[in-house]
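Data first, discussion second: the structure below is written as C-alpha cells.
The values are calculated or read from the model by the stated rules, or taken from the named source; none is laboratory data. Everything numeric in this text was worked out from a predicted model, so none of it was measured. Note: ideal-geometry Cβ built from the backbone for every residue, glycine included; neighbour counts use all protein chains shown. What goes into the accessible areas is simple: the full protein's heavy atoms, side chains included, and nothing from ligands, DNA or RNA. Shrake-Rupley method; radii C 1.70, N 1.55, O 1.52, S 1.80 Å.
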Amino acid sequence: MPELLSVKNLKIEATSYPPGEPPKVVTLVEGVSFDLEKGKVLGLIGESGAGKSTIGLSALAYGRGGVRITGGEVLLNGRDILKLDRSGINSVRGAHVCYVAQSAAAAFNPAHKLGDQVIEASLRHGIMTREEAKKRALYLFRVLGLPKPETFGERYPHQVSGGQLQRAMTAMALCPNPELIVFDEPTTALDVTTQIDVLAAIKHAIEETHTAALYITHDLAVVAQISDDIMVLRHGKTVEYGTTKQVIEAPREDYTRALVSVRQAKRDEAPDQSGTLLKIECVHAGYSNGFKVLHDVSMHLPKGQTLAIVGESGSGKSTLARVITGLLPPSEGRIIFDGKELPKALKGRTNEELRRIQMIYQMADTAMNPRQTVRDIIGRPLSFYFGMHGARKSERVKELLDQIEMGSRFLDRYPAELSGGQKQRVAIARALAAKPELILCDEPTSALDPLVAEGILNLLTKLQEETAVSYVFITHDIAIVRAIADSVAVMHRGRLVRFGPKSKVLSPPFDDYTDLLLKSVPEMEIGWLERVLKTRRMESAGN
Amino acid sequence: MESGPITGPVLTDGAAGETLPRSADPSGVPAKPNPAAATGDVGGTFWRRFVFRRPLAALILQRLGLSVGLLFAVSLMIFGGIEALPGDFATTYLGQSATPQAVENIRKDLGLDRPWSERYLSWLGGAVKGDFGTSWASKNSVSEQIGKRLGNSLFLAFFAALISVPLAVGLGMLAVQFRNRLPDKIINVISLAAISLPEFFIGYLLIMLFAVQYGVATFPATVYDSMTFTERLSAIALPVATLVLVVLAHMMRMTRAAILNVMSSAYVETAELKGLGTFRIIARHAAPNAVAPVINVIALNLAYLVVGVVVVEVVFVYPGMGQYMVDAVTVRDMPVVQACGLIFAAFYIFLNMAADILAILANPRLRHPR
C-alpha cells in the first residue's frame, strides 16, 4: 500500500528571545522520520517539550509562533507540502489534513454556532454544498454520540460541555472527509469518565470513515487503545518507533520501559487508622450566590497518614480544601483539628493554627512570586512563623533544599529558571518550612509529566516517613491514589460517595459511581477499551 | 478540567468560576455566567429569577437604571458645586456700583433668597421638561440659546468623529498587518506624540502653521447663521483637525491591541488550520470578538469629542457649547452653567451606556444563555 504521509528527516527550529541576551535559535525537532498508511493510526508520545505537537502540526506545514520547519520533507500522497505556496497549503489544510486541538473550548470561536464552524471548511474548499455538509455533520454528530444531534449544531460553544466540545471538534475535523487527522491530546483536558466516551467515539469514527490519524498524547495507556504504531519521542528526537504491540509489550529502550512502568507504583496502607488529626463533620458549603457545592461531607484523617480525595471536576474536592483552610467558611458543620474545633473563617484563626496546615497547589508557577528567589520563597514562612533571620534562616533553607533533593546551588534562582518539577519541589519546601502537621495537596502532580510526577510522589512519601506529616491529597487520578493513599474519599457532585481505608474503597462491592470511575481509568493493555465497551454494552443489554 | 492560570488563594479553576459574583458587579460584564448555577437550585426574589432566565434583558435594564440614577447624582453635584463657588452673579454684574442694597435687590429678583433645596427642585423640575430657565446675563431663554450652540458643537464633533473613527480603526488594522515593522512603529510614535500634547497646544500649533504661516486655513473658526454649508466646513477645518489628532491615538492603539489579542487566540489558529484566507479569518473569526473593546473606546472618545471641545472651541473662537459655558462661568451666569454641565454629563453617560449595551450585545454568552 502506498504511504499517505511520509515524513523524512524532519528538522524544526525556533528563535527564542531570552531577556537581555541575543536571540538564539533552538532546535525543537531533529531527524524524525515516519510513514503512515491510509486508514492507519500512528501514536506520537512523549513528555512536554518532546516536540510531538510540533511534529503533528508539520503535517499541515504549520508552525506556532516563531516555529519554522527548516529541513526535511513532509510528503502527502508523494507531494512535499513544505514547498507549497500560501494558497497551495491553504487548499491542503482543512481539506486533506485536519487538526483537533487539545482544548476544544479555546479552539471554537465563541461568536459562531457550532454547526456553522463544523461545516465551514467543507464549504470554503468547495467539497460539498451546504445541504450535503449539514447532512454529513448530522451523521457525524450521531456517530460521535452527541446529544440531540439534530439541533446540536444550533448551539454555541459555551452552551455545551467540555467533552461534547471535544467530540464536536472531532466532527469538525472529519466533516470535509480528510485523508489525515492530527489529534493533539484530544482527551487530556477531560475527566476520566468523559475521556473514555470521547476516546471510544474517536476510535469508532476513525474506523467508520477510514481516515488516517496522527494521535498525539503523553499517556501511553491511551495511545495503546487507539493506534496501530507508536513513536516515542524525547527532546525532539525519536527514541523508539514500532508497532503498538511491540512498544507496549516488549519496549526496546530504557526510556520507553520507564514510561510503560510509570504509574504502577502501589503502597500498602497503614494498618492502624484509628487516631484522628483532622476530622470533618457534616460540612455544608456554598458560594454567596446561593449555589451549594458541598452537601453533608464527613471524613477523618489519622496522624502521619494520607487521605486521598478523588473526584472529577465539579465534584467539590477543591472546595473542601478551601473549607479546611478557612478560605471558604462552611455554612454548617465543623472542622476539628487535633481535637480542637478550628474557627470557620481564615480571619478567626491564630498564626499557630495557620502554621499547622499548609498547602501545595496544582500550578506551582502561579503560586510563587516570580520576582523572588528560591531563598526568599522558602525563607518567608521561616521568618513569618518562627522569626528566623540571618545565618540561622539560611542554614534552615539549605536544610530544606536538601530535604527536597535539590541542594544549595538553587538558592539564588528565580522560579522562571526552574523546571516544572523543581518548582513543585520548592513549593513543597515552602510548605514544609512551617513545620506543618497537615499539608493539603491540590492536584500537585496533574500538570507534570508522568516521570516527573512520579518523582514528586516519591518525595512526598519520603517526607512523610521522615517528618510524620499528614497529607490530604486531592486528585482525579486513581493511579496516584494507589501509589500514595492510606484512606480514600470518593466525591461526586458535592457529596461523599464512599470513604474508608484504601483496600476497602478500591475493592468490590462498588457503588455505581466508584465502579464507573475505576473502570474508566485506561490500563496499559491493548484491547482494554474494547473490553470495557463490551462489558458496558452487555450490562445495558442485561438491564 | 481546563487548566488556566490560577492566582491568589483560589484553589482550582472550577472554584474560580464558581466564586464569580453573578452580574452583581455594575462595572463589568461577567465574562461567564456561572455554569454551575444554571443547574443549581435557584431561589430568591423575582429579580434574581429574572437574572437567571433573561440575563441579557436584566443586564440592559440594569445599565439603563444605573444611567438614570447617575444622571440625577450628577445634577445634584452640579448644583451643589455651583452653590459652593465663591462670589455671586450680583457682585460680578454690578461691579464698582455694588452697594449692599443693590446686591440685595438683584438677589431677590433672581430668587436667590429662597433655600437651595427649593431652588434645586424647581430647577430640576424644569430641566426634566427641557426648560432650563432664563439666563441672568442676557435674560434670554437658556434652552433656546443652547439649542443653537449645541447644534454647532455637534456639527464639529460629528465631522471629527466621521474622520477619526474610520481612520483610527483603519490605522489600527494596518498596524496589526505590519506588526513590529516600520509602518507599525511610525504609526505608534506619531499617535503617542499626538496624545501627549494638550489640545490647546496642538490647536495653536495648527493655527500658527496653516493660518499664519501658509494662510490656507480660516481663523477664527467662528460660524454664522448666514454661512453656507461649504463655508462652514472650511471654517471648522482646523478645530476638526485638532480634535482628530487628540482622539485618534487612543482609538487606534485600542483597536490594534484588541485585534492582536484575538489574532493570537486558539480559534484563529483553528481557522488558519482550516485553510481559510487571511481576509476571511480577520473578518469572520477575529472581528466579531474584537468588537466589544473597540466599541467601548470609540464611545469614550465620542463622549470626549462632545464634552472635551470646550478648550478647542475657546482656542478657535467657535460658537459652541463649550465657549458658551466658559463665558457663562466668567460672569457667574448660573442657569447657563448648570444647563451646560447637565447636558455634557447626559451626553457622557448616554454614550458610555450605549457602549456598554453594545458590548453586552456583542457577547454571545449573554445573547444565548445556556
Worksheet entry | Shape parameters for segment A:312-460, alpha-carbon atoms, Rg then Dmax in Å | 16.0, 48
Discussion item. Give me the tail of P(r) for segment B:56-128 as a percent: Cα-Cα pairs with distance above 15 Å.
Written reply: 67 percent
Practice prompt. Taking only Cα atoms and a 10 Å spring cutoff, compute GNM fluctuations for chain B and point out the largest among B:I146, B:I298, B:I190.
Written response: B:I190
Practice prompt. Please list A:324-333, B:130-139 highest first by mean number of surrounding beta-carbon atoms within 10 Å per residue.
Written response: A:324-333, B:130-139
Worksheet item: For chain A, with the dipole built from +1 on Lys and Arg beta-carbon atoms and -1 on Asp and Glu ones, taken about the Cα centre, which of A:Y385, A:S103, A:Q264 lies farthest toward the positive end?
Response: A:Y385
Fill in: Enclosed volume per residue, in Å³, of the convex hull spanned by Cα atoms of chain B
215 Å³
Worksheet entry | Cα centroid separation - segment B:228-281 against segment A:245-275, whole Å | 57 Å
Item to complete: Can you run the Rg to Rh ratio on segment A:205-263? Use alpha carbon positions and the Kirkwood inverse-distance Rh.
Response: 0.98
Worksheet item: What does the average come to when, for each residue of peptide A:455-468, you count the partner chain Cβ atoms lying within 10 Å of its Cβ?
Response: 0
Discussion item. Within 10 Å of each candidate Cβ there may be at most 13 other Cβ atoms; applying that plus a DSSP loop requirement, which GluC sites (Glu not before Pro) in segment A:67-160 survive?
Written reply: A:E154
Worksheet, complete the sentence: Ignoring ligands, DNA and RNA, the residues of segment A:361-399 whose accessible area with a 1.4 Å probe is reduced by 10 Å² or more relative to the chain alone are A:Y361, A:Q362, A:M363, A:T366
Worksheet item: How big, in percent, is the set of alpha carbon pairs in segment A:128-193 lying more than 20 Å apart?
Response: 28 percent
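Which percent, to the nearest 5, of DSSP beta bridges fully inside chain A are antiparallel?
If I count the DSSP bridges inside chain A, around 55 percent turn out antiparallel.
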Discussion item. With viscosity set to 1.306 mPa s at 10 °C, what whole-number translational diffusion coefficient in µm²/s follows for segment B:127-246 from Stokes-Einstein and a Kirkwood radius over Cα pairs?
Written reply: 93 µm²/s
Worksheet entry | Debye, to nearest 20: dipole size of chain B, +1 on Lys, Arg Cβ, -1 on Asp, Glu Cβ | 1200 debye
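Please work out the Cα convex hull volume for the protein assembly as shown and give it in Å³ per residue.
Numbers: hull volume 225.1 nm³, N = 913.
Considering the Cα atoms of the protein assembly as shown, their hull volume per residue is 247 Å³.
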Worksheet, complete the sentence: Rounded to the nearest 10 degrees, the helix B:287-307 long axis (Cα) sits at an angle to the longest Cα principal axis of chain B of 10 degrees
Worksheet entry | Dipole of segment A:289-400 [Lys/Arg +1, Asp/Glu -1 at C-beta], most positive-end residue of A:V374, A:L354, A:G314 | A:V374
Discussion item. What Kirkwood Rh does segment B:147-367 have if only Cα atoms enter the pairwise 1/r average? Answer in Å.
Written reply: 19.2 Å
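So what's segment B:283-322 giving for Cα Rg divided by 2.2 N^0.38 Å, two decimals?
1.74
Mind checking the per residue accessible area of segment A:1-83 for me, 1.4 Å probe, whole number of Å²?
On the way: 3880 Å² over 83 residues.
On a per-residue basis, 47 Å².
So if I average 1/r over every pair of distinct C-alpha atoms in segment B:73-193 and take the inverse, what Kirkwood radius in Å does that give?
Answer for segment B:73-193: a Kirkwood hydrodynamic radius of 19.1 Å.
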Worksheet, complete the sentence: One can check that the equivalent ellipsoid of segment A:214-350, built from the alpha-carbon gyration tensor with semi-axes equal to the square roots of five times its eigenvalues, has lengths in Å, largest first, of 45, 20, 12
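Of all beta bridges DSSP finds with both residues in the protein assembly as shown, what is the antiparallel percent, to the nearest 5?
Taking every DSSP beta bridge with both residues in the protein assembly as shown, the antiparallel ones total about 55 percent.
Using the Cα centre as the reference, give the magnitude of the dipole from point charges on the C-beta atoms of the protein assembly as shown (Lys, Arg: +1; Asp, Glu: -1; all else neutral), rounded to the nearest 20 debye.
Here the size comes out at about 600 debye.
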Item to complete: Could you give log10 I(q)/I(0) at q = 0.26 Å⁻¹ for segment B:114-168, computed by the Debye formula over C-alpha point scatterers of equal weight, without solvent?
Response: -0.99
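Within 10 Å of each candidate Cβ there may be at most 11 other Cβ atoms; applying that plus a DSSP loop requirement, which trypsin sites (Lys or Arg not before Pro) in segment A:44-86 survive?
For trypsin sites (Lys or Arg not before Pro) across segment A:44-86 that sit outside H, G, I, E and B with at most 11 neighbouring Cβ atoms in 10 Å, the list reads A:R64.
Using protein heavy atoms only (no ligands, DNA or RNA), what is the total accessible area buried between A and B, 1.4 Å probe, nearest 100 Å²?
So the buried area, both faces added, is about 4100 Å².
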Worksheet item: Can you list residues whose amide H is under 5 Å from A:I309's amide H, if they're 5+ apart or on another chain and H is modeled 1.01 Å from N?
Response: A:F473, A:I474, A:T475, A:A489
Fill in: Accessible area per residue in Å² at 1.4 Å probe, computed on chain B
50 Å²
Item to complete: Nearest 5 is fine: what % of DSSP beta bridges in segment A:170-251 come out antiparallel, could you say?
Response: 55 percent
Worksheet entry | Euclidean distance of C-alpha centroids, segment A:355-404 and segment B:167-183, integer Å | 47 Å
Response to the item:
Using alpha carbon positions and the Kirkwood radius, the Rg to Rh ratio of chain A is 0.99
